[in-house]
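The values are calculated or read from the model by the stated rules, or taken from the named source; none is laboratory data. What you are looking at is a predicted structure, and each value in this text was computed from that prediction instead of being measured. Every residue, glycine among them, receives a Cβ derived from its backbone with ideal geometry; neighbour counts consider all protein chains shown. Just the protein is used for accessible areas: all its heavy atoms, side chains included, with ligands, DNA and RNA removed. Shrake-Rupley method; radii C 1.70, N 1.55, O 1.52, S 1.80 Å.
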Amino acid sequence: AMLLLQGAQMLQMLEKSLRKSLPTSLKVYGTVFHMNQGNPFRLKALVDQWPDFNTVVIRPQEQEMTDDLDHYTNTYHIYSKDLKNCEEFLGLPEVINWKQHLQIQSSQNSLNEVIQKLTATKSFKVKQSQNILYMPIEIIKELAPSLLDVKNLSLPDGKPKAIDQEMFQLSSLDPSHAALVNKFWYFGGNERSQRFIERCIWRLPSVCLLGPEGTPVSWSLMDQTGELRMAGTRLEYRAHGLITYTIFSHCQVLTKLGFPFYSHVHKSNKAMQKMSRTLNHISLPCNWNQWNCVPL
């Protein structure tokens, strides 16, 4: 069986319930949080039963998923308490459209087994990406204090180095900047990813530093799950601490709005791992997972 959760009350109950399962429910919790803040990406929540659900899937409305090759739009966020139930639920055609190129995201490492089995039976090629998840210590204190241990409590002040404010001006991104962001985004670099970035800029708060010529030299923006997903600095401006300053400024904006947020960093990207620690972002015990699924 599949149930569509409708109405503010149900979605608020879902958010509360997912909060109890952090950090493994993080990707879905963050998405549901933003659905309760006006649902800027027009997503919907499906569960196997209610209120004691086993599996929850957040996905776009069918009318948004018109391009079968656009896995940036055709993205499903999943959290499950029961992997056997999860496999059955994800196999339902009304839960996942298995005719399209699609992405599945979850902060639950154990889903890999389920997704590998399903994609094999559905004749899909699947590529898993797994990265380190980071969350600011202030948000951990509020949402999941049990994750804090003593070594995390003797931290630096979490502030970036000052920048030359004559040369760089703090601003927010404009949709016309999407091509620049797309060029530097590890998961981007194509026409569909650029459209996705434009949506994120239109609908969610972003921050950038404008250089002397009035174009962004460093930027940070979030996606529909509340993740700081795309940050970068133009090559000629690197190693000046600009990205640290930009991300710190973005975090301040989101904190003022009361948004929980987090980020992921590639396991080999030592510079961004160091920057996360500088800003008092703590690595979580679960990972950031994405499965890119393509029909054979």
* To do: With respect to THR246, determine if the residue is open to solvent by 40 Å² or more (accessible area, probe 1.4 Å), part of a helix (DSSP H, G or I) and at pLDDT 95 or above.
  => no
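Looking only at the range 1-18, which residues are touching a residue at least 60 places away in the same chain (Cβ under 8 Å) and outside any helix (DSSP H, G or I)?
Filtering the range 1-18 for residues touching a residue at least 60 places away in the same chain (Cβ under 8 Å) gives 2, 18.
Matches in the range 1-18: MET2 only.
Mind checking whether some residue in the range 182-190 is under 20 Å from the mean Cα position of the chain (by Cα), open to solvent by 80 Å² or more (accessible area, probe 1.4 Å) and touching a residue at least 12 places away in the same chain (Cβ under 8 Å)?
Of the residues in the range 182-190, the ones under 20 Å from the mean Cα position of the chain (by Cα) are 182-190.
Now restrict to residues that are open to solvent by 80 Å² or more (accessible area, probe 1.4 Å): 183, 186.
Subset that is touching a residue at least 12 places away in the same chain (Cβ under 8 Å): 186.
Taking every residue of the range 182-190 in turn, at least one turns out to be under 20 Å from the mean Cα position of the chain (by Cα), open to solvent by 80 Å² or more (accessible area, probe 1.4 Å) and touching a residue at least 12 places away in the same chain (Cβ under 8 Å).
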* **LEU180 assigned to a strand (DSSP E or B) and either in contact with a Pro (Cβ under 9 Å, 6 or more places away or on another chain) or modelled with pLDDT of 95 or more (or both)** => no
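Given the criteria buried (at least 18 other Cβ atoms within 10 Å of the Cβ) and either among the basic types (Lys, Arg) or under 18 Å from LEU14 (Cα atoms) (or both), does VAL32 qualify?
Working: buried (at least 18 other Cβ atoms within 10 Å of the Cβ): yes; either among the basic types (Lys, Arg) or under 18 Å from LEU14 (Cα atoms) (or both): yes.
Considered against the rule, which asks whether it is buried (at least 18 other Cβ atoms within 10 Å of the Cβ) and either among the basic types (Lys, Arg) or under 18 Å from LEU14 (Cα atoms) (or both), VAL32 comes out as yes.
Assess whether GLN116 counts as being polar (S, T, N, Q) and within 20 Å of VAL265 (Cα to Cα).
On the way: polar (S, T, N, Q): yes; within 20 Å of VAL265 (Cα to Cα): no.
No; evaluated as a whole, the condition is false for this residue.
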* Taking the range 79-117, which residues are closer than 21 Å to PRO23 by Cα, open to solvent by less than 50 Å² (accessible area, probe 1.4 Å) and part of a loop (DSSP other than H, G, I, E, B)? -> SER107, GLN108
* To do: Any chance you could count how many residues in the range 207-229 are of a type outside the set (Asp, Glu), at pLDDT 95 or above and more than 23 Å from GLU166 (Cβ to Cβ)?
  => 6
* Determine the pairs where a residue that is farther than 9 Å from ASN292 by Cβ, located within the range 115-130, has a partner that is acidic (Asp, Glu) and modelled with pLDDT of 95 or more with Cβ atoms under 8 Å apart, the partner being 6 or more residues away or on another chain. => LYS117/GLU87; LEU118/GLU87
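Within the group THR66, THR31, which residue is more than 18 Å from GLU227 (Cβ to Cβ) and of a type outside the set (Gly, Ala, Ser)?
Values: THR31 fails: more than 18 Å from GLU227 (Cβ to Cβ).
Sole residue among the options that is more than 18 Å from GLU227 (Cβ to Cβ) and of a type outside the set (Gly, Ala, Ser): THR66.
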* Structure fact -> Of the conditions (1) closer than 19 Å to VAL265 by Cβ; (2) at pLDDT 95 or above; (3) out of contact with any Leu (no Cβ under 6 Å at 6 or more places or on another chain), the single one that LEU133 does not satisfy is (3)
* In the range 144-177, what residues are in a helix (DSSP H, G or I) and either at pLDDT 95 or above or farther than 25 Å from ASP223 by Cβ (or both)? -> PRO145, SER146, VAL150, LYS151, ASN152, PRO175, SER176, HIS177
* Options ILE96, ILE137; residue that is under 30 Å from LEU257 (Cβ atoms), touching a residue at least 12 places away in the same chain (Cβ under 8 Å) and aliphatic (A, V, I, L, M) -> ILE137
* Asked: Since PRO216 meets every condition but one in (1) surrounded by 20 or more Cβ atoms within 10 Å (Cβ to Cβ); (2) without any contact (Cβ under 8 Å) to a residue 40 or more places away in the chain, which condition does it not meet?
  -> (2)
